[in-house]
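K.L.:
Can you read through this structure? Questions will come right after.
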Amino acid sequence: MHVRATKKGFTLVELLVVISIIGVLSTLAIVAFTRARAAAREAKAKGDIKQMALAVGLLFADTGKWPNGCPVESVANPETYLDTQQAGIRQAPAVGDQGGGCTWTASDISGWAGPYAKTFVDPWGSKYYFDPDYVPLQNCSGQTAGDQAPAIVSFGPNKAGPNVYDCDDLWYVMR
Ligand SMILES: [Ca+2]
Ligand SMILES: [Ca+2]
């Protein structure tokens, strides 16, 4: 009668193989998770920026001004974070000279019917920014910079800004 030896437990080598497989799998899982999270944040920022573009559109339909008090036809500096009162998206702006030939007048403000947006901070913790003369793909090696235009900008994952524009920015050109 043959008695077959039953194997009990794992050998050391088997354990080491299992441990290293678990290590590789968890590294892959972390990489996949990190990528998924980065993609989700980017998608969120793009959605927010589109909402903000609609908000800016409503602002100039109601007041005839950009978020910095500039007339629609002659947008110029100043640049501004979109959550400030004088941006006019969150709160009605106060009457005042914004500089650069841009002024909020009582007549502009009488048409204000906001708030026009709810989300002012991007997924990386920076506030959305309005730059009247943004240059897309500036400081972006290997890519041709776009034309200067009014834009809503997220400083992107590296949070560098304002005016430290680079390749990881997200933006929406308003014209
Ligand atoms: Ca600028
Ligand atoms: Ca950036």
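K.L.:
Explain nothing, just the number: relative contact order of the chain, from Cα pairs under 8 Å at least 6 residues apart, as a whole percent. It would help to have the intermediate numbers written out before the result.
P.N.:
On the way: 279 pairs, mean separation 30.8, N = 175.
Result for the chain is 18 percent.
K.L.:
State in Å² the accessible area per residue of the chain; use a 1.4 Å probe, count heavy atoms of protein chains only, and round to the nearest integer.
P.N.:
59
K.L.:
Tell me the mean residue ellipticity at 222 nm calculated for the chain from its helices only (DSSP H runs of n ≥ 4, each -39500 (n - 2.57), averaged over every residue, nearest 500). Intermediate values should be presented prior to the final figure.
P.N.:
Working: 2 runs with 57 residues, N = 175.
Taken over the chain, the calculation gives -11500 deg cm²/dmol.
K.L.:
What accessible area, in Å² to the nearest ten, does a 1.4 Å probe give for LYS127?
P.N.:
90
K.L.:
Same structure again: Could you please state how large a percent of the accessible area of the range 42-173 is carbon and sulfur, counting protein chains only and using a 1.4 Å probe?
P.N.:
On the way: 3140 of 6050 Å².
That fraction is 52 percent.
K.L.:
Of PHE155, TYR134, VAL56, which is farthest towards the positive pole of the chain's charge dipole, taken about the Cα centre with +1 and -1 on the beta-carbons of Lys, Arg and Asp, Glu respectively?
P.N.:
Result: PHE155, furthest along the dipole toward the positive end.
K.L.:
Calculate how steeply helix 12-63 sits against the longest principal axis of the alpha-carbon atoms of the chain, using the helix alpha-carbon long axis, and give the answer as 0 to 90 degrees to the nearest 10.
P.N.:
Helix 12-63 and the main axis of the chain meet at about 10 degrees.
K.L.:
Now for a separate question. Picking from VAL72, ALA32, LEU12, whose Cα lies most toward the positive end of the charge dipole for the chain (charges on Cβ: Lys, Arg +1; Asp, Glu -1)?
P.N.:
Sorting the options by dipole projection puts first LEU12.
K.L.:
Here's a follow-up. Normalised by the residues of the range 55-134, what does the relative contact order come to in percent, with Cα pairs under 8 Å and at least six apart?
P.N.:
34
K.L.:
Still on this structure, please answer the following. Cα convex hull of the chain: how many Å³ per residue? It would help to have the intermediate numbers written out before the result.
P.N.:
On the way: hull volume 30.8 nm³, N = 175.
Given the Cα convex hull of the chain, per-residue volume reads 176 Å³.
K.L.:
Give me the dipole magnitude in Debye, nearest 20, for the chain about the Cα centre, with unit charges on the beta carbon: positive for Lys and Arg, negative for Asp and Glu. The partial results should precede the final answer.
P.N.:
Numbers: 15 positive and 16 negative charges, 283 e Å.
So the magnitude is around 1360 debye.
The values are calculated or read from the model by the stated rules, or taken from the named source; none is laboratory data. What you see is a predicted model; the values in this text were computed from it and never measured. With ideal geometry, Cβ positions are generated from the backbone for all residues, glycine too; neighbour counts draw on all protein chains shown. SASA here: full protein model, heavy atoms, side chains in, ligands and nucleic acids out. Shrake-Rupley method; radii C 1.70, N 1.55, O 1.52, S 1.80 Å.
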